[in-house]
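So the structure is just underneath, and the comments pick up after that.
The values are calculated or read from the model by the stated rules, or taken from the named source; none is laboratory data. Just so it is clear, the model here is predicted, and its values are computed rather than measured. Note: ideal-geometry Cβ built from the backbone for every residue, glycine included; neighbour counts use all protein chains shown. Surface areas here come from the heavy atoms of the whole protein model, side chains and all, with no ligands, DNA or RNA. Shrake-Rupley method; radii C 1.70, N 1.55, O 1.52, S 1.80 Å.
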Amino acid sequence: MMTHRPDSDADATLVADSLRQFAERDGGLARARDAKDNPRFHEDATRRARFAEAGWFGIAVAEARGGAGMGWHETCALAAMAGRYLLPDPLIGALASAHALSACAGDHADRTLAALLGGDRNVTLLPDPLAADAASIIDDIADCPPGSDLLVLIEDRDEARLVILGEQQDGLRATRQPCVDGGTLTRLSLGPAAWRQAPTLANGTPARVAFAAARDLQWLARAAYLNGLAGAALDITLDYLRLRTQFGRALGTFQALQHRMASCHVDLAAARALLTEACLARHTDRQAEAARAAVARAGAGALRITAEAIQCHGAIGFSDEHDIGLFRRKAMAMAAPGGGETGHLLEYARLTER
């Protein structure tokens, strides 16, 4: 059973503070508004290079492989701060992919990992294994701007292999459509040639182990991001209720609104507690189910909190004049992968039946 290290809270605070300083220097929520209005903002190679320079892509990668060698608790602290400032892709998909690549041996894995950590290449982990069919269609892939590579676990009966797909390969066609937060969702059509050309990074048990750890870390980082944005939305709403007056009284003094904000606080506290427990479940037989439970709870909580935030802001909350709408849009985009709350809970139920 993994226990919480006393120094991990201090490390998590330092990591989160480094990202907070970056986000504030980068324009804060004004940059999130730019991302909503400009889809190409999510494809900014300069920003990816700055993320890489700070070492965030390799936060969960061992120092011997070029990373920071930190744990999942620190990784989630980083993702939560990214959520507070609504930082755009590709942070979460990239740090999970780096974790998977660092568990693979061979020249191709080493080169891809180095390019990812250096900011020269974006790699996204597909969270669901695929069967080795002659042709496949993968819909609604998040965190996959143009030029990205995709890490995929291929399962064929009792065999498994972890491969990397690139848009330049024959037999692969990518199309994209706008997402509500200003990013894009990708659809990949894969023909037989794509599977034949896909480089294999790991086979058998090593492939499954590398994939499972990275997938669970990706769900936890996504849960942390959702908790971060929900916490920021709640803070903004509480400040608004303290300042906005009606009938000569601050809105925050009305009991009905106090009850609604209290329910939001309970939602957020529960989601944060579940995320902490999921981080502690690493390397146990509960790792996968704990990750699913954490991201299901975080997504549902973020959607409820941002909906309440919009309501409490009144008419301005429904317009584009106030930043609170940005949090609602991002919550909708971040909570959807994996089937949303329902999809994650169904997978949780399947895992706990074993």
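In the condition set (1) free of Cβ contacts under 8 Å to residues at least 12 places away in the same chain; (2) closer than 20 Å to MET334 by Cα; (3) not aliphatic (A, V, I, L, M), THR124 is compliant with all but (1). Among what's in the range 127-161 and is closer than 24 Å to SER102 by Cβ, out of contact with any Lys or Arg (no Cβ under 8 Å at 6 or more places or on another chain) and not in a loop (DSSP other than H, G, I, E, B), pick the residue that is most open to solvent (accessible area, probe 1.4 Å). Out of the qualifying residues, it is GLU159.
Which one is farthest from the chain's Cα centre (by Cα) among residues in the range 183-214 that are of a type in the set (S, T, N, Q) and in a helix (DSSP H, G or I)? Checking each candidate, the answer is GLN197.
Sort through ALA269, ALA336 and tell me the only one that's open to solvent by 10 Å² or more (accessible area, probe 1.4 Å), of a type outside the set (Lys, Arg) and free of Cβ contacts under 8 Å to residues at least 12 places away in the same chain. Working first, answer last.
Details: ALA336 fails: free of Cβ contacts under 8 Å to residues at least 12 places away in the same chain.
None of the other options fit; the residue is ALA269.
Just to be sure before I move on: is LEU275 surrounded by fewer than 22 Cβ atoms within 10 Å (Cβ to Cβ), under 27 Å from ALA212 (Cα atoms) and aliphatic (A, V, I, L, M) in the structure I sent? So LEU275 fails the test.
Looking at GLN246, GLN287, can you tell me which residue is out of contact with any Lys or Arg (no Cβ under 9 Å at 6 or more places or on another chain) and closer than 23 Å to SER8 by Cβ?
Details: GLN246 fails: closer than 23 Å to SER8 by Cβ.
Among GLN246, GLN287, only GLN287 is out of contact with any Lys or Arg (no Cβ under 9 Å at 6 or more places or on another chain) and closer than 23 Å to SER8 by Cβ.
Listed by position, the helices (runs of 4 or more DSSP H) enclosed by the range 40-103 that each have at least 1 residues that are without any contact (Cβ under 8 Å) to a residue 40 or more places away in the chain and more than 24 Å from ALA273 (Cα to Cα) are 45-54. Considered as a group, the residues in the range 1-41 that are of a type in the set (Ser, Thr, Tyr) and modelled with pLDDT under 85 include one that is surrounded by the most Cβ atoms within 10 Å (Cβ to Cβ), and that residue is SER8.
Restricted to the range 235-247, and to residues there that are open to solvent by 10 Å² or more (accessible area, probe 1.4 Å) and in a helix (DSSP H, G or I), the residue that is farthest from ALA270 (Cα to Cα) is LEU243.
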